[in-house]
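Worksheet for the structure shown next.
The values are calculated or read from the model by the stated rules, or taken from the named source; none is laboratory data. Given the structure is predicted, the values throughout are model-derived calculations rather than measurements. Reconstructed Cβ throughout: ideal geometry from the backbone, glycine too, with neighbour counts over all protein chains shown.
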Amino acid sequence: MSIVERVTEVRARIEAATIGAGRTPGEVTLVAVSKLMPAALVREAYAAGLRDFGENYVQELVGKAAELADLTDLRWHLIGHLQRNKAQKVVLVASAVASVDSIALAVDLGRRSTMCPVPPPRRLPEGSDGRLVVLVEVNLGGEAQKSGCSPAGLGALLEAVDREPGLALRGLMTVPPYTDDPSAARPYFDELAALRESHGGAARLPILSMGMTHDLEPAIAAGATQVRVGTAIFGARTARPTQAFPS
Ligand SMILES: *Cc1c(COP(=O)(O)O)cnc(C)c1O
């Protein structure tokens, strides 16, 4: 199947899940996760109409952004854990960081992005004034190997992002513990939606980024406004991230 066909299929899944949940078609945006995939495939997905792409590793993000610099309205979302010493590299190319998980990182990103406004073609519809769009990642399963702040630490982290003039706080992101049965992830998605309600609601946090290839339906049923889909668009990833892209 071609990338165009896969994108069409994923869009149909998103649309069906949105309508099935009694929500308005079009209110869920698709971020295509291109980690470990060559720039040529990103170009194909761009030609199929996609503009938002997610990457996990800074070195890979920077390389692909350079290779695809001619696609000036392509928006890169960093969705993987970010080390503070790489904040500068990220603000130069990214439109959004979906994985802010500490106050120290928020401060560093804020300081850097004040000096590097996001240029107009790369700005997200939700963004404004050249600020870097930020989602705070929450670790709901309490898994040690996953990044994300704890639900208890969320309030303080959101306030820290709000204090940074270079950052535009726009929502929450989570990756639930993996289960073979996608519906088992539903309680985590409901929990992220509830956390949003207890921290200012959709007015303060319009984006709920949750749901991937295998569990986008329960995520949309629980209120996701953004899904991050890799495998269903680009096929299975074979290389091990740590080998291909040492950080
Ligand atoms: C890899 C990844 C995805 C995409 O996962 P698929 O199962 O390939 O759709 C989404 N979000 C994050 C944070 C990821 O690391």
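Here are some notes:
- Of all residues in the range 200-214, at least one satisfies being out of contact with any His (no Cβ under 8 Å at 6 or more places or on another chain), part of a loop (DSSP other than H, G, I, E, B), within 16 Å of the ligand (Cβ to nearest atom) and hydrophobic (A, V, I, L, M, F, W, C).
- Filter pass, residue 23 being part of a helix (DSSP H, G or I) and at pLDDT 95 or above: no
- Candidate set from the range 123-153 (those that are of a type outside the set (A, V, I, L, M, F, W, C) and within 17 Å of residue 226 (Cβ to Cβ)); member that is surrounded by the most Cβ atoms within 10 Å (Cβ to Cβ): 137
- The single residue among 169, 154 that is in contact with an Asp or Glu (Cβ under 8 Å, 6 or more places away or on another chain) and of a type outside the set (Ser, Thr, Tyr) turns out to be 169.
- Applying the condition of being more than 14 Å from the ligand (Cβ to nearest atom) and of a type in the set (S, T, N, Q) to the range 16-36 and asking which residue is nearest to residue 5 (Cα to Cα) yields 18.
- When the range 94-116 is filtered for residues that are more than 22 Å from residue 60 (Cα to Cα) and not in a helix (DSSP H, G or I), only 102 remains.
- The range 113-125 residues that are closer than 13 Å to residue 71 by Cα, paired with ones that are surrounded by 15 or more Cβ atoms within 10 Å (Cβ to Cβ) (beta carbon under 7 Å, 6 or more apart): 122/75; 122/95
- Among (1) in contact with a helix residue (DSSP H, G or I) (Cβ under 8 Å, 6 or more places away or on another chain); (2) crowded, with 22+ Cβ neighbours inside 10 Å; (3) closer than 14 Å to residue 78 by Cβ, the one test that residue 112 misses: (2)
- Qualifying residue in the range 148-164 (condition: within 14 Å of the chain's Cα centre (by Cα) and within 13 Å of the ligand (Cβ to nearest atom)): yes
- Residue 144 fulfils the conditions (1) assigned to a loop (DSSP other than H, G, I, E, B); (2) within 19 Å of the chain's Cα centre (by Cα); (3) closer than 29 Å to residue 88 by Cβ except for a single criterion, (2).
Table: residues versus (1) away from the ligand (no atom under 15 Å from the Cβ); (2) crowded, with 19+ Cβ neighbours inside 10 Å.
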| site | (1), (2) |
| --- | --- |
| 38 | yes, no |
| 42 | no, yes |
| 47 | yes, no |
| 81 | no, no |
| 104 | yes, no |
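- Members of the range 141-156 found to be in contact with a Leu (Cβ under 8 Å, 6 or more places away or on another chain) and over 17 Å from residue 79 (Cβ atoms), listed by number: 151, 154
- Residue 36 satisfies every condition listed in (1) under 18 Å from residue 209 (Cα atoms); (2) under 18 Å from the mean Cα position of the chain (by Cα) except (1).
- Breaking point among (1) under 16 Å from residue 226 (Cβ atoms); (2) assigned to a helix (DSSP H, G or I); (3) without any contact (Cβ under 8 Å) to a residue 40 or more places away in the chain, for residue 188: (3)
- Residue 99 fulfils the conditions (1) within 16 Å of the ligand (Cβ to nearest atom); (2) among the polar types (S, T, N, Q); (3) over 15 Å from the mean Cα position of the chain (by Cα) except for a single criterion, (3).
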